[in-house]
Structure formats: C-alpha cells, structure tokens
Amino acid sequence: MAVEKIGENYRCNICGNEVTVTKVGAGELVCCNEPMEKFAN
C-alpha cells in the first residue's frame, strides 16, 4: 500500500512497530520483509 498523506498510521503485523507519516514520498512502508498495514488511530 502506497503512502498517500501526512498523518497516516501504519503498523507491522509481525513485530508491532508503528509509524506515523511526516513526509509523503514514493514507495511502500515495509517492516519484517512484509508491507505495513494502514490503521486508524
């Protein structure tokens, strides 16, 4: 899933790391060799 806007929250379903987007760029957030999943905070 590509990052779309500032403030989105993503979580790794394997280790539980969480990320909040502060700058939008090209590409996909990946952790533990798997795409991170967007979630509502």
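Near Arg11, within a Cβ-to-Cβ distance under 13 Å, what is the net charge of the other residues, with Lys and Arg +1 and Asp and Glu -1?
Numbers: positive: Lys38; negative: Glu8, Glu18, Glu34, Glu37.
Summing Lys and Arg as +1 and Asp and Glu as -1 gives -3.
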Over the chain - Rg/Rh using Cα atoms and the Kirkwood inverse-distance radius: 0.92
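No lab work stands behind these numbers, since they all come straight from the coordinates. Computed from a predicted model, the values in this text were never measured in an experiment. No Cβ is skipped: glycine too gets one built from the backbone with ideal geometry, and neighbour counts run over all protein chains shown.
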